[in-house]
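Bear in mind that the values in this text are calculations on the coordinates, not laboratory data. Keep in mind it's a predicted model, so treat the numbers as computed, not measured. Heads up, the Cβs are rebuilt from the backbone with ideal geometry, glycines too, and the neighbour counts pull from every protein chain shown.
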2 protein chains.
Amino acid sequence: MLRVSRLTDYATVVMTCIAAHPTDVLSTAQIADETHLELPTVSKLLKALSHATLVESFRGVNGGYRLARPASEISLAEIVEALEGPIGMTECSAADGQCDRESQCGVRGSWQRVNSVLDNALRAVSLAEMLKPAQPGRKIAVTVRTGEATTE
Amino acid sequence: MLRVSRLTDYATVVMTCIAAHPTDVLSTAQIADETHLELPTVSKLLKALSHATLVESFRGVNGGYRLARPASEISLAEIVEALEGPIGMTECSAADGQCDRESQCGVRGSWQRVNSVLDNALRAVSLAEMLKPAQPGRKIAVTVRTGEATTE
DNA sequence: TTGAATCGGGACTAAAATGGTACTGATTTG
DNA sequence: CAAATCAGTACCATTTTAGTCCCGATTCAA
């Protein structure tokens, strides 16, 4: 697929919803209502986000959730990792020894380079930026240099 | 998952295998043997790669496959697209109108920016580079700029 | 103190995607 | 014509994903 799972997509929506009410503690029901997502789904998302300490939870009557940090200090990468675990585009990036041809295989190295680019991109987008509606001119500029070997 | 499917991973291995024999026409059986992948799997991969005109096929006795273009002119992005379709990290990037909150939702825009970074990264890696075994110093340098709005 | 609201954690189900297999047909060579 | 090889389709088993439900723990307030 090369896709982020739908739940992760939802999680970004939930996070922006919470970020839009910086001073309030929002209940799961309120968030579900605003985002038009099913309540149990939202509940599941918030559990994961809370576990990753991206949101703070409050129990009891009038309980709910709030951002654990300012929106500007939460990156898209953290939201993705909260739901999908470490970012990695191939399986063999992590484990070794399952492929017989590791020696002749330059593929792993290439994938790892792509990984790091993606990782940087996700880390560069903050929740605060996601809050703002489409800004046509706003973009991430990327310079890719592959021609020469460098040590840093 | 945020992963490329296993088949796509295999496809890169198959492509590098073919690229390693620039002058030969390799049969599916030969490729399966060299890559240690199952023959039907390799067959399936080659069909997709052939459909995307990344490899040329020859029927009949002594038939097989060959790169359709020099390895330096085939990018990782093309291989990924051959197997997974257009590169896009979320579903709503493509279709509109399925989400009620499109107006207030700045999330889509942010995802699209991340998409373009990933796309550039995949496009910057050529099959020729993947052929070479790990080169420790070789990396993709990425500059990310999100602070200011720009028109280009 | 009691009850209602709310989070926390886990188990469970249904559906979809994925990976892999099998079979049949078409094409080329000799 | 026969063998080798690609082409296309259909199929199945497994895994993953999305979504739901239940029950216990916690807090607030009447």
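Brief remarks on what is shown
- Per-residue extension of 0.36 nm, minus the Cα-Cα distance of residue A:43 and residue A:72, leaves a gain of 8.1 nm for this segment.
- For residue B:6, the point set 7 Å out from Cα toward Cβ sits 2.4 nm from its twins in the other copies, listed from shortest up.
- Backbone amide hydrogens, once placed in the peptide plane, bring residue B:68 within less than 5 Å of B:55, B:56, excluding anything fewer than 5 places away on its chain.
- Peptide A:120-132 has a mean shielding of 5, counted as Cβ atoms of other protein chains within 10 Å of each residue's Cβ.
- Taking max minus min of the alpha-carbon positions on each principal axis, the range A:6-131 gives extents of 60, 27, 22 Å, largest first.
- Within the shell defined by Cβ-Cβ distances under 10 Å, the residues around residue B:64 carry a net charge of 0, with Lys and Arg each +1 and Asp and Glu each -1.
- For residue B:27, the amide hydrogen comes within under 5 Å of the amide hydrogens of B:65, counting only partners 5 or more places away or on other chains and with H modelled in the peptide plane.
- Label separation (residue B:6 vs residue A:29): 4.5 nm, computed from points 7 Å beyond Cα along the C-beta direction.
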